[in-house]
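Structure, as structure tokens:
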Amino acid sequence: MAAIDLAREYISHVNGHAGQAAAALFARDGEIAVPAGRVYRGWDAIAAFVAAAPPGTRAQIAERTMGTHRVVLRGVVQTPRLAPAQIEWVFEVEQGCIQRLAIHHLRR
């Protein structure tokens with residue numbers, strides 16, 4: 001699967017709170033690094049991270065930058081009862097799997 005397709009699928013699974021499906025897009029030792037400095041490594045940790053999103057949380061993509069092995073998405077995450085957050089997702093892809101996803105809060 002192309003890098004952009006993996007990134008889109010990940011966002012779709014996040015919006016559906018489908019932790020196992022999101023984790024399956026990653027390499028077995030893949031990881032997600034979040035703004036607080038925590039790293040979720042491996043399928044079980046990634047699945048738990050995605051599944052833990054509060055009900056009603058939705059990610060919306062506003063722009064993207066694509067390469068063969070790197071995709072950057074920027075958009076908004078809306079969570080009920082919280083202010084919308086401007087987010088950047090940086091996907092690093094190798095051999096048809098997400099190796100690393102770094103999530104950053106953008107300041108405006």
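The values are calculated or read from the model by the stated rules, or taken from the named source; none is laboratory data. What you see is a predicted model, and the numbers here were worked out from it, not measured in a lab. Virtual Cβ from ideal backbone geometry, glycine too; neighbours counted across all protein chains shown.
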Exercise. For residues that are of a type in the set (A, V, I, L, M, F, W, C), without any contact (Cβ under 8 Å) to a residue 60 or more places away in the chain and surrounded by 12 or more Cβ atoms within 10 Å (Cβ to Cβ), tally how many sit in segment 58-73.
Key: 3
Exercise. Please work out if ILE103 is in a strand (DSSP E or B), in contact (Cβ under 8 Å) with a residue 60 or more places away in the chain and of a type in the set (Val, Ile, Thr).
Key: yes
Practice problem: For residues that are more than 10 Å from LEU6 (Cβ to Cβ) and part of a strand (DSSP E or B), tally how many sit in segment 85-98. | Solution: 8
Quiz prompt | helices (runs of 4 or more DSSP H) contained in segment 3-81 and holding at least 2 residues among the β-branched types (Val, Ile, Thr), under 25 Å from GLN95 (Cβ atoms) and in contact with a strand residue (DSSP E or B) (Cβ under 8 Å, 6 or more places away or on another chain) | solution = 3-15
Quiz item: For GLN78, are the conditions met, namely being in contact with a Ser or Thr (Cβ under 8 Å, 6 or more places away or on another chain), within 20 Å of HIS105 (Cα to Cα) and either surrounded by 14 or more Cβ atoms within 10 Å (Cβ to Cβ) or among the charged types (D, E, K, R) (or both)?
Solution: yes
Practice problem: Show the residue pairs that are 6+ apart or on different chains and have beta-carbon atoms under 9 Å apart, the first residue being within segment 23-48 and more than 18 Å from ARG70 (Cα to Cα), the second being loosely packed, with under 14 Cβ neighbours inside 10 Å and at pLDDT below 95. | Solution: PRO35/HIS105
